[in-house]
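So the structure is just underneath, and the comments pick up after that.
The values are calculated or read from the model by the stated rules, or taken from the named source; none is laboratory data. This structure is a prediction, so every number in the text was calculated from the model and none was measured. Glycine gets a Cβ as well: all are built from the backbone with ideal geometry, and neighbour counts include every protein chain shown. All accessible areas refer to the heavy atoms of the entire protein, side chains included, with ligands and DNA or RNA removed. Shrake-Rupley method; radii C 1.70, N 1.55, O 1.52, S 1.80 Å.
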Amino acid sequence: MNPHAATPAVTAASTGAAPRARSDWRVIRSLLPYLLDYKWRVAVALTFLVMAKLANVGVPLVMKGIVDSLDAKQQILVLPLALLGMYGLLRLSTTLFAELRDIVFVRVAKRAIRRVALQVFQHLHALSLRFHLERQTGGVTRDIERGTRGISTLLSYMLFSIIPVILEFGLVAAVLLAKFDWRFPAVTFGAVAIYIAFTFSITEWRMDIRRRANELDSKANTRAIDSLLNYETVKYFNNEEFEARRYDENLRKYESAEVKNEASLGLLNIGQSLIIAVAVTLLMILAAGGVVDGKLTLGDLVLVNGLLIQLYIPLNFLGMVYREIKQSLTDMDRMFRLLRENREIADKPGAPDLKLNGARVAFEHVDFYYDANRQILHDVSFEIPAGGTVAVVGASGSGKSTLARLLYRFYDVQRGRITIDGQDIREVAQKSVRAAIGIVPQDTVLFNDTIYYNIAYGDTEATREQVIEAARSAHIHDFIASLPDGYDAMVGERGLKLSGGEKQRVAIARAILKNPGLLIFDEATSALDSKSERAIQEELARIAADRTTLVIAHRLSTIVDADQILVMERGRIVERGTHRELLALGGTYAQMWALQQQEERSVALVDDAG
């Protein structure tokens with residue numbers, strides 16, 4: 001036996017027998033609805049399965065007839081020829097019905113995998129930003145990969161291994177009870193009982209070893225993906241060998257666990273073979289004795305041998321089947337656990353779509369924290385009139401970017417409310433809120449696809465002409481046209497093939513293409529040089545002219561024309577007013593302005609000297 005058909009995965013946290021049993025039944029119940037969609041296919045597949053097993057058990061019965069008919073006392077040749085023909089037909093039927101069973105059932109398994117994978121994917125996108133900030137990408141992708149593979153494994157083994165073994169066992173038992181004395185079924189059933197008990201006990205022990213190996217496998221995979229995603233950081237600090245050592249340490253532990261797993265597999269195989277060998281030897285001694293005594297024929301001896309072989313061959317894989325079923329259940333439980341992950345931000349039942357009428361935004365006495373021990377916003381109140389522009393400035397960590405996340409409803413506020421055109425965003429559908437908002441983030445992350453795809457992501461139904469026009473508006477068309485592949489150039493993982501300024505222009509083009517009623521610029525020009533910034537600022541001012549705009553800024557020179565400027569410190573608005581009003585106030589904003597002007601003059605002097 002060599003049961004290496006599937007790679008097991010991380011198990012549920014609880015290792016107790018009772019919690020695992022409850023978890024297993026929960027997984028099976030979760031899978032049933034996907035099978036019930038194809039009831040007729042399942043029924044036909046099971047019918048073929050039964051026919052295959054009947055043919056399989058019929059083979060040794062026909063072989064007995066053939067052997068007995070070839071006895072020297074038999075004179076008629078027609079009968080053995082007929083039996084030989086029947087023998088060939090039964091052999092063909094065993095394979096034929098097994099293959100028909102697989103052909104009928106394959107769509108059930110593949111459709112279940114497709115539907116579950118899609119459901120998990122959609123659910124992950126529906127979870128809050130908090131979940132995605134805390135998750136480990138490598139571990140989650142492994143959970144989904146193993147879970148979907150576990151569905152196929154579970155269905156195959158449950159329907160086509162466990163049920164056939166039970167059916168074949170019943171048929172063999174019926175034949176033994178009908179044709180032989182009590183000793184034959186007693187030895188057979190006793191050996192089967194010992195075999196099953198031994199297999200299950202050793203397999204449970206091996207599962208603990210396998211769980212540890214799987215945890216180490218996922219940890220190593222997570223470490224590898226995290227290191228590759230941070231390729232540039234690794235290079236900056238010359239830490240390739242350090243990353244390799246950390247990865248190899250996980251691999252070393254995984255290797256040790258796998259060695260133990262393989263050794264335990266050898267013990268299982270030896271024990272199973274010993275039980276079967278003893279049982280077969282005893283039964284053949286009984287059958288041979290019966291032939292010598294004249295109570296049994298040579299055909300009976302052949303029948304006993306054939307029945308035992310057909311019974312013990314599937315039993316020989318019982319340990320692997322049991323382990324794979326248990327492993328599939330734990331794999332699927334890990335994946336279904338993602339589906340049970342609570343959606344922190346969920347629409348209320350029957351929530352209507354946002355009705356946009358000018359996109360007036362109001363924050364009303366908003367308190368917010370990610371962690372109850374560290375409040376981020378304190379009683380924040382301000383309004384952006386329809387078509388108006390409000391800018392927010394402040395030191396890093398003052399809560400500026402949190403305003404954009406709350407407006408997108410990545411989180412809900414703990415106190416107060418946020419409204420768009422007088423509608424509390426918690427009372428309307430999230431999808432409609434986000435459809436009304438366009439954002440140019442400070443840290444632009446692009447899909448590993450073409451430049452065209454990344455710009456067109458702002459409106460997946462836009463024409464090529466509209467995409468190119470958006471690129472022109474973002475002052476990136478000339479750069480794209482200069483590339484050998486033009487708009488079909490690949491940007492690399494997370495857009496690493498583009499510079500920071502190029503990625504930001506793509507993000508601006510994407511927001512322009514979306515054509516939203518409300519715009520958020522989260523330090524949208526922070527990655528641009530002064531010349532490019534001035535050109536982009538003019539374009540941003542043009543596209544924001546008739547839209548409600550929230551600007552989160554670091555460079556104060558980019559927001560001097562804002563209708564209102566908010567100055568934030570430690571989650572509170574400490575100053576508000578126009579650029580002139582805040583300068584006249586002589587407070588925090590005036591100090592920030594003076595400092596930045598001094599820095600810009602210093603940079604200008606260095607440039608002139610250069």
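Within segment 413-430, the set of residues being in contact with an Asp or Glu (Cβ under 8 Å, 6 or more places away or on another chain), aliphatic (A, V, I, L, M) and within 14 Å of ALA351 (Cβ to Cβ) comprises VAL428, ALA429.
So which residues in segment 409-425 are surrounded by fewer than 18 Cβ atoms within 10 Å (Cβ to Cβ) and under 28 Å from the mean Cα position of the chain (by Cα)? Answer for segment 409-425, where residues must be surrounded by fewer than 18 Cβ atoms within 10 Å (Cβ to Cβ) and under 28 Å from the mean Cα position of the chain (by Cα): just ASP412. Restricting attention to segment 352-373, the residues being more than 16 Å from GLY422 (Cβ to Cβ) and small (Gly, Ala, Ser) number 1. The residues in segment 445-500 that are over 14 Å from ILE512 (Cα atoms), in contact (Cβ under 8 Å) with a residue 24 or more places away in the chain and of a type in the set (S, T, N, Q) can be counted, and the count is 3. Between ALA288, ALA351, ALA362, ALA346, the distinction of being touching a strand residue (DSSP E or B) at 6+ places or on another chain (Cβ under 6 Å) and not β-branched (Val, Ile, Thr) belongs to ALA362 only. If only residues of segment 343-402 that are among the charged types (D, E, K, R) and assigned to a strand (DSSP E or B) are counted, the one that is farthest from ILE437 (Cα to Cα) is ARG374. For ARG107, are the conditions met, namely being open to solvent by less than 60 Å² (accessible area, probe 1.4 Å), modelled with pLDDT of 75 or more and of a type in the set (Lys, Arg)? Answer is no for this residue. Candidates in segment 212-235 are the residues that are among the hydrophobic types (A, V, I, L, M, F, W, C) and under 24 Å from the mean Cα position of the chain (by Cα); of these, the one that is surrounded by the fewest Cβ atoms within 10 Å (Cβ to Cβ) is LEU228.
In segment 36-83, of all residues being aromatic (Phe, Trp, Tyr) and open to solvent by less than 50 Å² (accessible area, probe 1.4 Å), the one that is modelled with the lowest pLDDT corresponds to TYR38. Is at least one residue of segment 480-495 among the aromatic types (Phe, Trp, Tyr), in a helix (DSSP H, G or I) and crowded, with 18+ Cβ neighbours inside 10 Å? Yes, segment 480-495 contains at least one residue that is among the aromatic types (Phe, Trp, Tyr), in a helix (DSSP H, G or I) and crowded, with 18+ Cβ neighbours inside 10 Å.
Please go through segment 198-211 and give me each residue that is open to solvent by 60 Å² or more (accessible area, probe 1.4 Å) and either of a type outside the set (S, T, N, Q) or touching a residue at least 40 places away in the same chain (Cβ under 8 Å) (or both), ordered by number. Across segment 198-211, the qualifying residues are PHE200, TRP205, ASP208. Listed by first and then second residue, the pairs with beta-carbon distance under 6 Å, at least 6 apart or on different chains, first residue in segment 172-187 and more than 23 Å from ALA277 (Cβ to Cβ), second part of a helix (DSSP H, G or I) and modelled with pLDDT of 80 or more, are LEU177/PRO185.
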